[in-house]
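Here is the structure we will look at, set down as structure tokens.
The values are calculated or read from the model by the stated rules, or taken from the named source; none is laboratory data. These numbers were taken from a predicted model, which means no experiment stands behind them. Neighbour counts are summed over all protein chains in view; Cβ atoms, including those assigned to glycine, are modelled from backbone coordinates with ideal geometry.
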Ligand SMILES: Cc1ncc(COP(=O)(O)O)c(C=O)c1O
């Protein structure tokens, strides 16, 4: 239990609280499920400028598979110019492990670079992290906020380093002077974040023609499994429940029950590479995934995402201790999550565990790649613990988003 600001141990914590802790029947969905919207609404809608409208595009089974291919293409280009000179990839300190695994899977070195408080590379420092054989830099549009990458684009061009624009969180919309996906030599997208499909990704480019990847069709087992997954996720979302109102009450009373977080099964490097996290890289997405992934560009879903982002901002933007490290989304974009930045890791951990225990839809990238070094003047390392990601997907209802935001505000009052 966390009472006031004092932290006590896990066993002390859980025992007296069993009676307070009501486990929700099912947690709120963390990704969108099949909507009741008529498919014609999104099928016929014009596609917004972004990754799906780039001139060169290839489907993959996931965002990480697309990243794997983008790294391979950049490496081949460097090797064609200077054989043996492609050894390392610049990767950000704030990441999910699925962003790093495609580098390791190709036997390449990860050159971690630090991030500014805006989630961009610090250009003044970047040279210190690149080596002679560094041939690519991966940069995500964190949280779905499309921002100008003009500075880093110039930095990469001058040094002959390929910019791999990771659009897993921002599929379309404007990113400064250009649309999302138009800054990188290659852009990669993860369609499972914007549509009901559990898998599907895109590898695309504004400037480089991409030869056919010649991926095998997804095996029949996968083709059938996706239909079951779509149904299962839909059913689970319809049963979703939470105890966020109870959590608010308890936080205000100074007694917060914490969920015991099960460790992510992907705990070591070899496991991350073989347990299916890159397993689908050799085949394309199942045909049903191609079909439902079209929903990713639905303008109705994008508007709903902006509305959810605005709701979180309404309730949390005024809490003095909490920050949102990105600007409000532009009118043409579809934010992935609302990032809420706690000023210290202990409070963020308490809030995260309490929210998970009450069934909230919330993410935290708190398991950086095991070999990641601690870098100076780096906000990325801090974000791993201090930033909670609150999803904006349209399967969440307005009341669910409001309850989540109110619970975060109550936890901030309680912990800070
Ligand atoms: C920034 C970023 N890049 C890449 C990926 C990998 O995408 P996928 O899960 O489709 O493999 C993710 C997934 O969470 C991500 O958040």
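Numerical summary
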| read-out | value |
| --- | --- |
| Check on residue 289, farther than 23 Å from residue 388 by Cβ and under 16 Å from the mean Cα position of the chain (by Cα) | no |
| Any pair with Cβ under 7 angstrom, 6 or more apart, that starts in the stretch 397-410 at a residue that is outside any helix (DSSP H, G or I) and ends at one that is surrounded by fewer than 19 Cβ atoms within 10 Å (Cβ to Cβ) and modelled with pLDDT of 95 or more | none |
| Selected residue (criterion: nearest to the ligand (Cβ to nearest atom)) from residues of the stretch 55-70 that are farther than 15 Å from residue 282 by Cβ and in a helix (DSSP H, G or I) | 63 |
| From 124, 74, 105, residue being touching a residue at least 60 places away in the same chain (Cβ under 8 Å), out of contact with any helix residue (DSSP H, G or I) (no Cβ under 8 Å at 6 or more places or on another chain) and farther than 20 Å from residue 339 by Cα | 74 |
| Complete set of residues in the stretch 71-101 that are under 26 Å from residue 118 (Cα atoms) and either away from the ligand (no atom under 16 Å from the Cβ) or in a helix (DSSP H, G or I) (or both) | 71, 88, 97, 98, 99, 100, 101 |
| Residue match in the stretch 124-142 (condition: surrounded by fewer than 24 Cβ atoms within 10 Å (Cβ to Cβ), farther than 28 Å from residue 79 by Cβ and within 16 Å of the ligand (Cβ to nearest atom)) | no |
| Residue match in the stretch 73-94 (condition: under 29 Å from residue 359 (Cβ atoms), at pLDDT 95 or above, in contact with a strand residue (DSSP E or B) (Cβ under 9 Å, 6 or more places away or on another chain) and buried (at least 16 other Cβ atoms within 10 Å of the Cβ)) | yes |
| Any chance residue 382 is under 20 Å from residue 96 (Cβ atoms), more than 16 Å from the ligand (Cβ to nearest atom), at pLDDT 95 or above and not in a loop (DSSP other than H, G, I, E, B) | yes |
| Odd one out for residue 111, checked against (1) away from the ligand (no atom under 15 Å from the Cβ); (2) in a strand (DSSP E or B); (3) buried (at least 22 other Cβ atoms within 10 Å of the Cβ) | (3) |
| The stretch 127-140 residues that are assigned to a helix (DSSP H, G or I), paired with ones that are away from the ligand (no atom under 16 Å from the Cβ) (beta carbon under 6 Å, 6 or more apart) | 129/111 |
| Enumeration of residues in the stretch 145-170 that are touching a strand residue (DSSP E or B) at 6+ places or on another chain (Cβ under 8 Å), crowded, with 24+ Cβ neighbours inside 10 Å and modelled with pLDDT under 95 | 146 |
| Test: residue in the stretch 188-206 that is surrounded by fewer than 21 Cβ atoms within 10 Å (Cβ to Cβ), free of Cβ contacts under 8 Å to residues at least 24 places away in the same chain, within 18 Å of residue 66 (Cβ to Cβ) and more than 16 Å from the ligand (Cβ to nearest atom) | no |
